[in-house]
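Written out below as structure tokens is the structure these notes cover.
The values are calculated or read from the model by the stated rules, or taken from the named source; none is laboratory data. What you see is a predicted model, and the numbers here were worked out from it, not measured in a lab. Glycine gets a Cβ as well: all are built from the backbone with ideal geometry, and neighbour counts include every protein chain shown.
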Amino acid sequence: MSSFKDFSFAGKKALIRVDFNVPLNDAFEITDDNRMRATIPTITKILKDGGSVILMSHLGRPKEGPTDKYSLKHIVAHLSKLVGVEVQFANDCIGAEAIDKAAALQAGQVLLLENLRFYKEEEKGDIAFAEKLSKLGDVYVNDAFGTAHRAHASTAIIAQFFSPANRTFGWVMEGEVMSAEKVMHAAQKPFVAIIGGAKVSDKILIIENLLDRATDIIIGGGMAYTFFKAQGGKIGKSIHEDDRMPLALEILAKAKAKGVHIHLPVDNLVADDFSNIANTQTCASGEIPDGWEGLDVGEKSREQFAKVILASKTILWNGPMGVFEMENFQAGTKAIAVAVAEATQNGAFSLVGGGDSVSAVNQFGFNDKVSYVSTGGGAMLEYFEGKTLPGIAAIKG
């Protein structure tokens, strides 16, 4: 594997797997182009080197082959503006048109291939399909971290058709992998992991993996109420998982045995309805009355969590502290964002990963005040769980 920074693309056709799975409205207008913008530095570096670019991506989940709704032709105009050159488009990702347009590509030019998932072979990881794609370029660049956990033809299988010297990560992948590895394998202590979200079952593998790495784990969001109930507390009608209560107690016991400090909320903002205009009150954890549900952590919890975060040198944040989408229940998540930003300013390394956490830092305007914001979603979650990601393994060999 070559370092992207040091690789010279002069005279080479770079076949790049990007993640242009962007949301489109009914008029086929892009409503969020962050994934496209993230890849522009990779494309720009290749063009400046004197290379040409062939982009391949999926869009949506087409079930029956080519579908206009999922055609990547809808993003060509916007992509051209972002790149600064007119992007060519091939109405297929393999076949004569793709081959001819790729072959005719000159230095400084960009070609976008049609949706990879118009072929079932893509998701099946078909070797013959991957080989056909590989013939379009001289160098393979994977810059789609969001699909790195899938062993698809274009993300993992294709790499075998390029020598180690001719396959590399792009800037997006390189940044994601380096940041994740720094947190999971080279973290400075104290290392706090902030884990939120609704269900223990969604985060159990992450928590178990972190018990061997973190010094502190903050648990918030809906999953905290499973812990409270497991310990005999009253949680009213708060979201919880009865079948995961033994697991919650097991986590607490393992953490104690390993010397890892688990920080649960000490108080909660509760409501009599799942609504932004519901009546609210603050209750001590484990003392929520019947008919009320916890929708955010309380003020004492925010202060306690902030102290832990500010004393840390490495911070991983995955999941909100409450229903931050509702204005009256976003104070806990915002307090975490403020503390993480302040700790980062003081020299800590902070990685925010997972869809809701990323949404929160963007919503509160803290995305440029933390060390790294992962766009990986499911891929980053699986990495935190300790799983090998096929898209990473394929490049590294």
task: Looking only at the range 36-44, decide whether some residue is touching a residue at least 40 places away in the same chain (Cβ under 8 Å), farther than 17 Å from PHE4 by Cβ, under 22 Å from the mean Cα position of the chain (by Cα) and outside any loop (DSSP other than H, G, I, E, B).
output: yes
query: Within the bounds of the range 266-277, is there any residue that is touching a residue at least 60 places away in the same chain (Cβ under 8 Å) and either of a type in the set (Val, Ile, Thr) or assigned to a loop (DSSP other than H, G, I, E, B) (or both)?
result: no
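Report yes if some residue within the range 299-320 is under 23 Å from the mean Cα position of the chain (by Cα), surrounded by fewer than 18 Cβ atoms within 10 Å (Cβ to Cβ) and modelled with pLDDT of 95 or more; otherwise report no.
As a first pass, look at the range 299-320 and keep what is under 23 Å from the mean Cα position of the chain (by Cα): 309, 312-320.
Those still in the list that are surrounded by fewer than 18 Cβ atoms within 10 Å (Cβ to Cβ) too: 313.
Pick out the ones that are also modelled with pLDDT of 95 or more and you get 313.
Yes - at least one qualifying residue is present in the range 299-320.
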query: (1) in contact with a Phe, Trp or Tyr (Cβ under 8 Å, 6 or more places away or on another chain); (2) farther than 24 Å from TYR119 by Cα; (3) among the polar types (S, T, N, Q): which one isn't true of THR67, the others all being true?
result: (2)
- prompt: Which one of these does SER359 not meet: (1) within 30 Å of ASN279 (Cα to Cα); (2) over 19 Å from the mean Cα position of the chain (by Cα); (3) hydroxyl-bearing (Ser, Thr, Tyr)?
  reply: (2)
The one condition in (1) crowded, with 24+ Cβ neighbours inside 10 Å; (2) under 28 Å from the mean Cα position of the chain (by Cα) that ILE262 fails to fulfil: (1)
statement: If we keep only residues of the range 50-105 that are of a type in the set (Val, Ile, Thr) and surrounded by fewer than 19 Cβ atoms within 10 Å (Cβ to Cβ), then the residue nearest to the chain's Cα centre (by Cα) is VAL76
field: Subset of the range 156-192 that is among the polar types (S, T, N, Q) and outside any loop (DSSP other than H, G, I, E, B) - its residue that is surrounded by the fewest Cβ atoms within 10 Å (Cβ to Cβ)
entry: GLN160
message: Yes or no: the range 256-267 includes at least one residue that is touching a helix residue (DSSP H, G or I) at 6+ places or on another chain (Cβ under 9 Å) and of a type in the set (Lys, Arg).
response: no
- prompt: Take the residues of the range 1-20 that are out of contact with any helix residue (DSSP H, G or I) (no Cβ under 7 Å at 6 or more places or on another chain) and more than 17 Å from ILE158 (Cβ to Cβ): which is surrounded by the most Cβ atoms within 10 Å (Cβ to Cβ)?
  reply: PHE7
message: As an exercise: evaluate MET245 against (1) loosely packed, with under 14 Cβ neighbours inside 10 Å; (2) more than 17 Å from VAL323 (Cβ to Cβ); (3) out of contact with any Leu (no Cβ under 7 Å at 6 or more places or on another chain) and give the number of the one condition it does not meet.
response: (1)
- prompt: Among the helices (runs of 4 or more DSSP H) confined wholly to the range 300-397, which include 3 or more residues that are β-branched (Val, Ile, Thr)?
  reply: 331-345
Residues satisfying the stated conditions in the range 334-352, i.e. surrounded by 24 or more Cβ atoms within 10 Å (Cβ to Cβ), β-branched (Val, Ile, Thr) and either at pLDDT 95 or above or over 22 Å from the mean Cα position of the chain (by Cα) (or both): ILE336, VAL340
- line: Selection from the range 106-134 of residues basic (Lys, Arg) and either surrounded by fewer than 22 Cβ atoms within 10 Å (Cβ to Cβ) or not assigned by TED's automatic domain parsing to the domain that holds ARG61 (or both) yields LYS120, LYS124, LYS132
message: Cβ-Cβ under 9 Å, sequence separation 6+ or interchain: first residue in the range 232-258 and in a helix (DSSP H, G or I), partner of a type in the set (Ser, Thr, Tyr). Which pairs?
response: ASP242/THR226; ASP243/SER201; ARG244/SER201; ARG244/THR226; MET245/THR226; LEU247/SER201; LEU247/THR226; ALA248/THR226
field: Selected residue (only one of GLY397, GLY377 is outside the structural domain of HIS263 (by TED's automatic domain parsing), at positive phi and surrounded by fewer than 20 Cβ atoms within 10 Å (Cβ to Cβ))
entry: GLY397
- line: Subset of the range 201-237, residues surrounded by fewer than 23 Cβ atoms within 10 Å (Cβ to Cβ) and out of contact with any strand residue (DSSP E or B) (no Cβ under 8 Å at 6 or more places or on another chain), comes to SER201, ASP202, ILE204, LEU205, GLU208, ASN209, ASP212, ALA230, GLN231, GLY232
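Identify, from the list PHE4, PHE20, the residue that is over 13 Å from LEU111 (Cβ atoms), in contact with a strand residue (DSSP E or B) (Cβ under 9 Å, 6 or more places away or on another chain) and not assigned by TED's automatic domain parsing to the domain that holds GLY125. Spell out the reasoning first.
Working: PHE20 fails: not assigned by TED's automatic domain parsing to the domain that holds GLY125.
Result: PHE4 is the single residue among PHE4, PHE20 that is over 13 Å from LEU111 (Cβ atoms), in contact with a strand residue (DSSP E or B) (Cβ under 9 Å, 6 or more places away or on another chain) and not assigned by TED's automatic domain parsing to the domain that holds GLY125.
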